[in-house]
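Novice: The structure's right below; bear with me while I get my questions together.
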Amino acid sequence: MKWQIPGINLKLQHEPIQEEINEAIRQVLQHQAFILGPEVGQLEEAVARIAGCSHAVGCASGSDALLLALMALSIGPGDRVLVPTLTFFATAGSVARSGAVPVFVDIDPRTFNLDPKATERILRLQAKSDRCKAMIPVHLYGQCADMDPLSELASEYNLALIEDAAQAILAQYRQRPAGSMGICGCFSFFPTKNLGAFGDAGLITTRDFGLAERLRMLRNHGAVQKYVHASVGINSRLDTLQAAVLLVKLRYLEKWTLLKQSKAEFYRTAFQEAGLSHAEQTYPGQKWPVVLPYPAHEGCHVYHQFTIRVHRRDELRSYLASKGIEAVVHYPVPLHLQPAFSFLGGKVGECPEAERAVQEVLSLPIYPEITEDQQNKVVEEIKNFYTRLA
Ligand SMILES: Cc1ncc(COP(=O)(O)O)c(C=O)c1O
């Protein structure tokens, strides 16, 4: 479908920097170090700096970043790992790929992130079995999870704290960058992310030298030197070509993020001026039809998504589609109810906040180049939809 207002428009992002990207690719074609070439190290250094960490290890995807983190921490069969039930599948998929079992936890309904109270309740129950080895808070939609109470719980229960920062490059929590607060942080450079490659790519940040070394080994078949393998790793290297593209795009990331933040503020004001929402309105007091993203705990939200809560969501989404506006549901099924995890026996009612959120969340078009006219059109059509219902 050709959208009048797409959810994201990468063409607009790439056109002005096409020449720089062509040049970066040309250089890789010249030096021919397609695997772990110099651009990979340069990208690792740059992202480590952004995330306030001393080390970063590139890999093939955000999903592999999570898997490698679990492997490097020796988490596998027999272990349990806490994950929020509202996230992209890969957070829990990677746990299952490691051989460990994901334990699904409900979310804070305001931020959509892992709820520390629900986490504590589960830990009290799980603690008896002593098999819970890690926790993976996700910084969903570009806003950090409530890391202070989660870190305390991780220390109390002796859990490795792995941040899923796939959606949160440049986000902060109380002045601390995403990716710097756990034992490691896992990033995705999937093309639609705030920093997106021209294909799959990912990276892990850490302050732990030993962990970084294990990650480097594991991403390269467990090799300690050519054809000598200390353990069984995987092939998950970050392509040099992708690193070259990402290095160019990294020059613009801050500017793009500031633009996205200003677009988010524009929506906020426009929804309030249209009488569709109110600055003070947070879930659950739904007096107005639109609940805006909740900027929590002095954080810096990078708006990977601008996700609102609405009632009659599916009807609204279809109505917007009929007007050429692409709005997306992140995510329609919580992970404890995914068919792939049915063997774990998840039941409706176990995570009520996530189960409600999946009925109500809607991500609106947001990208650095979206115009005020386009944003006004989105708000106007949402207003038309609810006016017709009234
Ligand atoms: C929260 C979250 N975790 C993990 C991933 C996996 O990243 P990738 O698609 O690069 O494997 C994604 C990206 O799609 C994500 O949004």
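We did not get these values from a lab; they are worked out from the coordinates using the rules stated. Keep in mind the model is a prediction, meaning the values are calculated, not measured. Cβ sites come from the backbone with ideal geometry, for glycine too, and all protein chains shown count toward neighbours.
Novice: Normalising by the residue count of the chain, find the relative contact order in percent from Cα pairs under 8 Å and 6+ residues apart.
Specialist: Here the relative contact order equals 22 percent.
Novice: Residue separation times 0.36 nm, minus the C-alpha to C-alpha distance between His278 and Ser342: what's the value?
Specialist: My answer for the length gained is 19.1 nm.
Novice: Could you put Asp64, Asp108 in order, starting from the residue whose Cβ has the fewest other Cβ atoms within 10 Å?
Specialist: Going from sparsest to densest Cβ surroundings: Asp108, Asp64.
Novice: Another question, then. By per-residue mean of other Cβ atoms within 10 Å, what is the highest-first order of 199-206, 138-145?
Specialist: 138-145, 199-206
Novice: Report the gain in length on full extension from Arg356 to Glu156: 0.36 nm times residue separation, minus Cα-Cα distance, nm rounded to one decimal.
Specialist: Between Arg356 and Glu156, full extension yields an extra 69.0 nm.
Novice: Considering only the other residues whose Cβ falls under 13 Å of the Cβ of Arg26, what net charge follows from Lys and Arg at +1 and Asp and Glu at -1?
Specialist: For residues surrounding Arg26, the net value is -4.
Novice: For an R0 of 25 angstrom, estimate the FRET efficiency from the Cβ-Cβ distance between Asp148 and Tyr252 and round to the nearest 0.05.
Specialist: After rounding to 0.05, the efficiency reads 0.20.
Novice: Let me ask you something else. What is the extension gain from Ser322 to Leu125, computed as 0.36 nm multiplied by their sequence separation minus the C-alpha to C-alpha distance, in nm to one decimal? All intermediate terms of the calculation are to be shown ahead of the outcome.
Specialist: Details: separation 197, 0.36 × 197 = 70.92 nm, distance 4.78 nm.
Net length gain for the segment: 66.1 nm.
Novice: Between Lys226 and Ser262, what is the spin-label point distance in nm, taking each point 7 Å from the Cα along the Cα→C-beta axis?
Specialist: Simple spin-label model gives 5.1 nm for this pair.
Novice: State the answer as a single residue: which of Met147, Leu247, Ala72 lies farthest towards the positive end of the charge dipole of the chain, with beta carbon charges of +1 for Lys and Arg and -1 for Asp and Glu, about the Cα centre.
Specialist: Among Met147, Leu247, Ala72, the one farthest towards the positive end of the dipole of the chain is Ala72.
Novice: Moving on. For each pair in Lys11/Lys383; Lys11/Lys263; Lys323/Lys347; Lys11/Lys377; Lys193/Lys263, compute the distance between the two Cα atoms and list the pairs where it is over 25 Å.
Specialist: Flagged as over cut-off: Lys11/Lys383; Lys323/Lys347.
Novice: Next up: Could you please state, rounded to a whole Å, how far the C-alpha centre of region 216-243 is from the C-alpha centre of region 331-384?
Specialist: Cα centroid of region 216-243 versus Cα centroid of region 331-384: 36 Å apart.
Novice: Quote the FRET efficiency, to the nearest 0.05, computed for Gln18 versus Thr192 with a Förster distance R0 of 22 Å and r equal to the Cβ-Cβ distance.
Specialist: The calculated FRET efficiency here is 0.75.
Novice: For the chain, what class follows from the C-alpha gyration tensor (a ≥ b ≥ c being the square roots of its eigenvalues): rounded when a/c is under 1.5, otherwise prolate if a/b is larger than b/c, else oblate?
Specialist: Taking the square roots of the gyration eigenvalues as a ≥ b ≥ c, the chain is oblate.
Novice: When 1/r is averaged over all different Cα pairs and the result inverted, which Kirkwood radius in Å belongs to region 253-389?
Specialist: Here the Kirkwood hydrodynamic radius works out to 16.1 Å.
Novice: Going by the alpha-carbon gyration tensor, a ≥ b ≥ c the square roots of its eigenvalues, is region 271-345 rounded (a/c under 1.5) or, if a/c is not under 1.5, prolate (a/b greater than b/c) versus oblate?
Specialist: Verdict is oblate for region 271-345.
Novice: Just want the answer: with Cβ charges of +1 for Lys and Arg and -1 for Asp and Glu, which residue in Gly62, Ile234, Gln167 is farthest toward the dipole's positive end in the chain?
Specialist: Value: Ile234.
Novice: Using the per-residue mean of other Cβ atoms lying within 10 Å as a proxy for protection, in what order, highest first, do the peptides 336-346, 175-185, 146-156, 111-121 fall?
Specialist: Packing proxy ranking, top to bottom: 175-185, 111-121, 146-156, 336-346.
Novice: Rank-order 263-269, 301-307 by packing density, defined as the average count of other C-beta atoms within 10 Å over each peptide's residues, highest first.
Specialist: Going by the mean number of other Cβ atoms within 10 Å, highest first, we get 301-307, 263-269.
Novice: A further question on this structure: With +1 on each Lys and Arg Cβ and -1 on each Asp and Glu Cβ, and nothing else charged, work out how big the dipole of the chain is about its Cα centre, in Debye to the nearest 20.
Specialist: Details: 39 positive and 41 negative charges, 103 e Å.
Here the chain has a charge dipole of around 500 debye.
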